[in-house]
Every structure is written in C-alpha cells, then in structure tokens.
Amino acid sequence: MPVHAAEARVYTRCLVRRNVWRVSGCIFCRIVAGEAPATRVYEDERVLAFLDIRPITRGHTLVVPKRHATHLDDLDAELGADLFRVGHRLAKALRRSDLAADGANLVLNDGTAAFQTVHHVHLHVVPRRGGDLFTFARGFLLRRPHEPVGTASAIRAGLDRLAADPEPRDQPAPEFDDTNRETRS
C-alpha cells in the first residue's frame, strides 16, 4: 500500500473517531446540549457533572468534558486536569453532604479494553462508606437509581458546605482489624 494511502486511512479514522458523536448521537453530548435528561450536580464552562443513571452507590456521579473526546488521546491535558479537579471537589463535597461518604473512588475507564461503555471520556466519582464491600458489590451488579432528586440536592448542599468551609471535617480514623491480614515478603 502506498504511504499516502496509509496516511489517508489513519487521517480518516481520526476524523471519524473524533466526530463519532455526530454520527451516533453521543448521549453525553446530548446531555451537555440539554437534549437528553440528566440530574445535574455541577457545571462550569468546561465540564458537567451529573448522576449516573445506573449508580453503583447512592451519589455515583459522572464528570464529563463539554467538548466531545472519545478517549484520553482526544483530550488535552488541561481539560483532563479540569475533570479530576471537579472530581476531587465532588469527592470532598460527598464527605460533607448528608450522604456521609467516608471516601470515594475516582475511576476513568479509557477504551473498550478498560470497560468504557459510553465513548465520551468520563470520570466516575463513586461515594464509599467504611465496611461497604457487600453493598458496593451488590450495587455494582444491580445498578439501580437512588432517589436522584434528593441525592443531587444532598451533593449540591455538600458543595455549598465545602465552599463555606474548605477545611476537612474532623473525622475519627476508621477502625481497621489487621488480625487476618496476610504478610507478604
């Protein structure tokens, strides 16, 4: 195959991948545009955060760039940093909210091999509570909504509390039983 033909195929693939939302009607692009419903939690000029419609735990939120990017390769570093900055802020807000999270998982699945199911870059912010392994596993399998309006309101209240008092709450250290912990050399 001539070099120019190979370059043309790569260029065409990039154009198709970057503009796939125009062909497929990317659901996250439709949410950003206000054309599809979502329970919005946070928004600024570059990113949008909304509740996952199939949450693992109550308060499971997705943070997406407003500009379509299929994979991390399509996302500039500054916008990627914005995603994690908002995810960090939401995780802190969840601790201050009535959802009373003890922690959070921030997860970004990049590509089909990494289990990315919606091909628009998105960061999962999943609230966690101490000792929630069974609840988390059940939520991972069932993925059912948990009062989206009340949940979003609780997260927004947590964001307001965070803005009013950015210092972390004084929380007791979680109890840890290391009697069954394996030692590895």
**Asked** From the list 115, 50, 84, which residue is more than 27 Å from residue 160 (Cα to Cα) and of a type in the set (A, V, I, L, M, F, W, C)?
**Response** 115
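Per-residue answers, yes or no, for (1) without any contact (Cβ under 8 Å) to a residue 60 or more places away in the chain; (2) closer than 27 Å to residue 136 by Cβ; (3) under 15 Å from the mean Cα position of the chain (by Cα):
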site: 61; (1), (2), (3): no, yes, yes
site: 73; (1), (2), (3): yes, no, no
site: 83; (1), (2), (3): yes, yes, yes
site: 97; (1), (2), (3): no, yes, no
**Asked** Residues 183, 135: which one is of a type in the set (Ser, Thr, Tyr), more than 22 Å from residue 79 (Cβ to Cβ), modelled with pLDDT under 95 and open to solvent by 100 Å² or more (accessible area, probe 1.4 Å)?
**Response** 183
**Fill in**
Across (1) assigned to a helix (DSSP H, G or I); (2) within 29 Å of residue 167 (Cβ to Cβ), residue 134 clears everything bar (2)
**Prompt:** Only one residue in 48, 83, 94, 106 is part of a strand (DSSP E or B) and crowded, with 19+ Cβ neighbours inside 10 Å, so which one is that?
**Reply:** 48
**Item:** Filter result for residue 55 (of a type outside the set (A, V, I, L, M, F, W, C), in a loop (DSSP other than H, G, I, E, B) and under 19 Å from residue 105 (Cβ atoms))
**Value:** yes
**Asked** Of all residues in region 155-180, how many are within 17 Å of the chain's Cα centre (by Cα) and either modelled with pLDDT under 85 or aliphatic (A, V, I, L, M) (or both)?
**Response** 2
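The values are calculated or read from the model by the stated rules, or taken from the named source; none is laboratory data. Predicted, not measured: the structure shown is a model, and the values here were computed from it. Don't worry about glycine lacking a Cβ; one is built from the backbone with ideal geometry, like all the others, and counts go over all protein chains shown. Keep in mind that these areas ignore ligands, DNA and RNA; they rest on the heavy atoms of the full protein, side chains included. Shrake-Rupley method; radii C 1.70, N 1.55, O 1.52, S 1.80 Å.
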